[in-house]
1. Let's see if you can work this out: charge +1 on each Lys and Arg Cβ, -1 on each Asp and Glu Cβ, no other charges. What is the dipole magnitude of the range 68-164 about its Cα centre, in debye to the nearest 20?
2. Most fluctuating residue of VAL77, VAL62, VAL126 in a GNM of the chain with Cα springs under 10 Å: which is it?
3. Taking all protein chains as present, what is the carbon and sulfur share of the accessible area of the chain, in % to the nearest whole number, probe 1.4 Å?
4. Calculate the length of the line joining the C-alpha centroid of the range 72-91 to that of the range 1-62, in whole Å.
5. Below 15 Å, Cα to Cα, which aspartates and glutamates can LYS39 reach? Residues fewer than 8 away in the same chain don't count.
6. Using the Karplus curve 6.51 cos²θ - 1.76 cosθ + 1.60 with θ = phi - 60°, work out ³J(HN,Hα) for each residue of the range 74-87 in order, rounded to whole Hz, and write x for Gly and Pro.
7. Run the reach check for LYS140 against aspartates and glutamates, Cα to Cα strictly under 14 Å, same-chain hits fewer than 8 apart removed. What comes back?
8. With an 8 Å cut-off on Cα pairs and a minimum separation of 6 or more residues, tell me the relative contact order of the chain in percent.
Amino acid sequence: LSVDFGMINSDNIEQLKKINQACFPVAYGDSFYRDMAKKSDENLCKFAYYSGLAIGAICTRVEPISDDPNGRSRLYVMTLGVLAAYRNHGIGSKMVESIMEYYESEKDGKLSTVDEIMVHTQTSNVDAMKFYMDRFGFEKGELVENYYKRIDPPHCYILRKKLR
């Protein structure tokens with residue numbers, strides 16, 4: 001499917017909420033959506049549109065790597081979701097690819113401190129792990145117990161990919 005990307009802002013934040021409610025077993029709080037509406041960088045947080053309809057979204061941020069003595073940072077995929085009827089058409093891949101392309105274009109500029117990309121994935125979400133590992137070369141890292149509050153299993157794996 002051919003998709004276009006569009007920015008997330010206060011005018012369309014409800015669409016993000018609907019996509020996330022349809023795609024994820026966890027509910028994101030109002031503060032998440034306020035932050036996305038206010039601070040989202042259209043290169044890192046965006047909708048995927050098909051025939052003018054928002055059918056997916058990716059929300060990524062730059063965050064510090066807490067134990068890095070040199071103040072390095074990472075891209076963190078907060079959410080990546082595609083409505084069920086549009087899955088398995090490469091839309092999720094296109095969204096991740098767009099983030100990777102942005103990184104490549106800014107790795108010596110705005111993203112010069114970014115060394116890796118990371119995502120938390122529920123231990124039972126084999127499809128998501130295969131997606132990130134097989135398509136994008138992420139590696140399965142440590143298990144984080146009780147990461148999720150109201151879903152079972154509550155544990156996740158950290159998946160990461162070194163970018164430099």
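The values are calculated or read from the model by the stated rules, or taken from the named source; none is laboratory data. Keep in mind that what you see is a predicted model, and the values were worked out from it rather than measured. Neighbour counts run over all protein chains shown; Cβ positions are idealised from the backbone, glycine included. With ligands, DNA and RNA removed, areas are computed over all heavy atoms of the protein, side chains included. Shrake-Rupley method; radii C 1.70, N 1.55, O 1.52, S 1.80 Å.
1. Details: 15 positive and 14 negative charges, 25 e Å.
Its charge dipole is roughly 120 debye.
2. VAL126
3. Details: 4180 of 9050 Å².
Heavy-atom surface of the chain belonging to carbon and sulfur, 1.4 Å probe: 46 percent.
4. A separation of 10 Å, based on Cα centres.
5. List returned: ASP11, ASP30, GLU63.
6. Here the 3J(HN,Hα) series is 9, 8, 10, 7, 6, 8, 8, x, 10, 4, 3, 5, 10, 6 Hz.
7. The qualifying aspartates and glutamates are GLU116, ASP127.
8. Working: 272 pairs, mean separation 30.0, N = 164.
Reported relative contact order: 18 percent.
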